[in-house]
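Below is one structure, written out as structure tokens; the observations come after it.
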Amino acid sequence: SKLYNDYQWSLDCLKLTTRNPRAGWALPPARIDGAMRRRKQQSRQSSASNCAVAGGWMLLVVSICLVQQCTAQDAFLQDQLPLKIVVTTPTAIAAGTADGGAITLTGRQAITAVFSRPVIAFGSDWGSKKLPDNLVPFNLSCNIPGRLRWVTTNIARFDPSVEWPTDLDCTFNWNKGLVAYDGAPLQLDGLQPSAQLETRPISFSVTSVDSQASVDATDSQWSASLGLPDDNLPEVPPDGNITLSFTYPVDLSQLATALKVAGPGAGNRAVTVSPCSTPALPPIILGAQGTTPAHSLQVNSTCAMLKIFPALLPATAAVLRLPAGSHYSALAGPVGKDTDMPVSVM
């Protein structure tokens, strides 16, 4: 090629300038006079000097071209071993779900991705620092506290700092611009660039109902869960204090705003909420009037005490409802659908 020929010519020029003058420059025959010899010698030296300068510049240009050609080439064995996702946890992120639905996360389950080639240099460690954007292998649309890190040169892992909150609807996205350490680009090869993640919906139950009036009237034989098969249990007497248990910590101030009394016996009733650990504190009354809280409920707990206000009428039934779309935690998603718990008065 022309590039190769120029390279060889440049080398020949440099060799010419570094050769032994006695060995490389033949003297003219003795019959040529001294003036002619000096003139020819000066001419040859000038040619050699010009050749040296031109050859040096050409060698520099050729070297730059060769380096650019090398860097433009594919990474080592890129075609045979491209940068791909080998496996993930949960495995459905890479393999997909049988029904094509969302992937459910529970507890403190980590998200892990194993790649076919090293993405970071051996020994690299960012500690607790945030990864550079070009080294982030994937991201989540839900803002969950946690740490994303490279545990090896080709394995990335996200560990949530808390248990996965309930009612999340989250999108997992691959970084399609990710490249291996040697420059091989990520190839998804039919793998979806994103996946839907979800967590279980929140639920709650009545742990207990306390009624001093009912205990006194039945010689301590009364129980909120005792009744006939067709009764709407648990029973909540007019003075009943209800203790609720939730499957995920709720912000009691948000719960007090979200929780409603619904059903045929609800009327214009509301609930008062207080922390389970401090039942003596005055409750918050949130009704149609939207009264101001009497004390702070900035507490996250899986337990809440409440009271229906005004009390349910005898022989009526109602439900405690977390309406769809309501919020009960800063981390959890909104309630997906109405979540009800029946209560009644005999």
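The values are calculated or read from the model by the stated rules, or taken from the named source; none is laboratory data. Computed from a predicted model, the values in this text were never measured in an experiment. For neighbour counting, all protein chains shown are included, and Cβ atoms are generated from backbone atoms with ideal geometry for every residue, glycine included. These accessible areas exclude ligands, DNA and RNA; they are computed on the full protein's heavy atoms, side chains included. Shrake-Rupley method; radii C 1.70, N 1.55, O 1.52, S 1.80 Å.
Near the amide H of Phe309, under 5 Å away, which other amide H atoms are found, from residues 5 or more places off or on another chain, if H is placed in the peptide plane?
Here Ala270, Val271, Thr272 satisfy the definition.
Amide H to amide H under 5 Å from Thr247: which residues, 5+ apart in sequence or cross-chain, H placed 1.01 Å off N in plane?
For Thr247, the qualifying residues are Ser203.
Can you put Glu198, Glu235, Glu163 in order of accessible area, largest first, using a 1.4 Å probe?
On the way: Glu198 75, Glu235 30, Glu163 110 Å².
From most exposed to least exposed: Glu163, Glu198, Glu235.
Give me the number: length gained by fully extending Leu313 to Ser220, i.e. 0.36 nm times residue separation minus the C-alpha to C-alpha distance, one decimal in nm. It would help to have the intermediate numbers written out before the result.
Values: separation 93, 0.36 × 93 = 33.48 nm, distance 2.26 nm.
Length gained between Leu313 and Ser220: 31.2 nm.
Could you list which residues have their amide H under 5 Å from that of Leu178, counting only those 5 or more apart in sequence or on another chain, with H placed in the peptide plane?
Answer set, sorted by chain and number: Leu186.
If you plug each phi of the stretch 140-152 into the Karplus form 6.51 cos²θ - 1.76 cosθ + 1.60 with θ = phi - 60°, what whole-Hz ³J(HN,Hα) values come out, in order, with x for Gly and Pro?
Listing the rounded values in order: 10, 6, 8, 7, 9, x, x, 10, 9, 8, 9, 7, 9 Hz.
Can you pull the accessible area of Leu131 for me, 1.4 Å probe, Å² to the nearest 10?
20 Å²
Determine, from the Cβ-Cβ distance of Ser205 and Asn175 and an R0 of 45 Å, the FRET efficiency 1/(1 + (r/R0)^6), rounded to the nearest 0.05.
Rounded to the nearest 0.05, the efficiency is 0.60.
Given a cut-off of 18 Å, what percent of all Cα-Cα pairs of the stretch 156-227 lie beyond it? Before the final figure, lay out each step's value.
Values: 1722 of 2556 pairs.
Of the Cα pairs, 67 percent sit more than 18 Å apart.
Determine how large the accessible area of Thr247 is when every protein chain is in place; take a 1.4 Å probe and give Å² rounded to the nearest 10.
90 Å²
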